[in-house]
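The values are calculated or read from the model by the stated rules, or taken from the named source; none is laboratory data. Treat the numbers as computed from the prediction; the structure is a model and nothing was measured. Positions of Cβ are backbone-derived with ideal geometry, glycine not excepted, and every protein chain shown enters the neighbour counts. Just the protein is used for accessible areas: all its heavy atoms, side chains included, with ligands, DNA and RNA removed. Shrake-Rupley method; radii C 1.70, N 1.55, O 1.52, S 1.80 Å.
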Amino acid sequence: MKKERNPRGIRESLFPASLFAIYLGVLFLMSGIHTGLIVFINRSELPDLVQVLIPMVYWGMVAVGLTLFTRSKIRSTYEEPLHKMAEATSRVAGGDFSVYVPTVHTQDRWDYLDVMIVDFNKMVEELGSIETLKTDFVSNVSHEMKTPIAIIKNYAELLRLESLTEEQKEEYARNIEDAAVRLSALISNILKLNKLENQRITPEVEAYDVCRQVCDCILQFENAWEEKEIELETDMEDSAFVEADESLLELVWNNLISNAVKFTPPGGTITVKQFSRQDTVTVSVSDTGCGMGAESMKYIFDKFYQADTSHSREGNGLGLALVKRVLELLDGGIRVESEPGKGSTFSVTLPAAAAVKQEKD
């Protein structure tokens, strides 16, 4: 079977055939000169010892030259890059992710050692990014935990005052309870996100009616939207079956609807739509809240990112990170459309269940 040509044009050997062609040419040239020397010696009247020494000295010089040339090529092509790689890996092992190893050749002359170096540099860059994310994550977690803990501590100290009225005691206790609920939700979301990211949760995919599930999730927030006098509009099919994990998708709908209620001002509107195509089912949740700019939309799925800090007491910035990770596990997708002052729309697309399964259910 004929070997396929390298599509990237990378040289397959550190020592190409042209190098050995040079060796062969040099040896042919040296042997030709040797023949000339023998003819010259035979025609001259040099002493026998000198006639013997001349070819020996000549081939000794040739051998030394070829040895030094070979050693130089091995050092520059093989040893020096590997020494640099060894030094770089040692620094990376010590926690230095600013390491960069230059390639041996320019890009048009890359061989597989150059490709290995490039991949190593990419790996170090990714490790550096992960380390930065981990540091930011720890910093953000610490910051998010400090706030409710400080609230609990301050109000607990106030409750010890003897001059408090019953109304003040009730208010302080309610604030402590709210802070504890927020802290509990933060820890719960961190644990869920950690399990999802480390794939410790195996999705139990099955066919079920997503319209029923979305309606159930909407009803859970009935008190919240009625309290803000929000108008709820729905445009959904009677039923639509998807292939997904029902318990994981509940996290998605709860987070999207919760955000819609949170960011929609009193008297605003929340719209939930659903439509089906041959292979997919799409559910969208729209609000008439503050909306987001293009810059904010780049980061809304990052952990702890909150585009509207005025609502930071109502969440911890982990909800959309959870949503994105769940949908990645379920082969789904999410798209965001938003404009400052005009609200946002989150559209979730999921694989539709096979027609056979729909009939069975």
Only one of GLU229, GLU237 is farther than 13 Å from VAL283 by Cα, without any contact (Cβ under 8 Å) to a residue 40 or more places away in the chain and open to solvent by 40 Å² or more (accessible area, probe 1.4 Å), namely GLU229
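Quick grid of which residues meet (1) closer than 14 Å to GLY128 by Cβ; (2) open to solvent by 50 Å² or more (accessible area, probe 1.4 Å); (3) touching a His at 6+ places or on another chain (Cβ under 9 Å):
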residue	(1), (2), (3)
LYS84	no, yes, no
ALA88	yes, no, no
ASP108	no, yes, no
ASP114	no, no, yes
Mind listing whichever residues of region 259-281 are open to solvent by less than 60 Å² (accessible area, probe 1.4 Å), over 20 Å from GLU339 (Cβ atoms) and of a type in the set (S, T, N, Q)?
GLN274, SER276, THR280
Kindly provide the set of residues from region 328-347 that are touching a Gly at 6+ places or on another chain (Cβ under 6 Å), more than 13 Å from SER296 (Cβ to Cβ) and of a type outside the set (Gly, Ala, Ser), ordered by number.
LYS342
Residue identified as among the hydrophobic types (A, V, I, L, M, F, W, C) and at pLDDT below 80 among ILE187, ILE152:
ILE187
Go over the candidates GLU162, GLU229, GLU204 one by one and state the one that is part of a loop (DSSP other than H, G, I, E, B), farther than 23 Å from ARG325 by Cβ and at pLDDT below 85.
GLU162
Run down GLY25, GLY60, GLY65 and say which single residue is modelled with pLDDT of 80 or more and either among the polar types (S, T, N, Q) or surrounded by 12 or more Cβ atoms within 10 Å (Cβ to Cβ) (or both).
GLY65
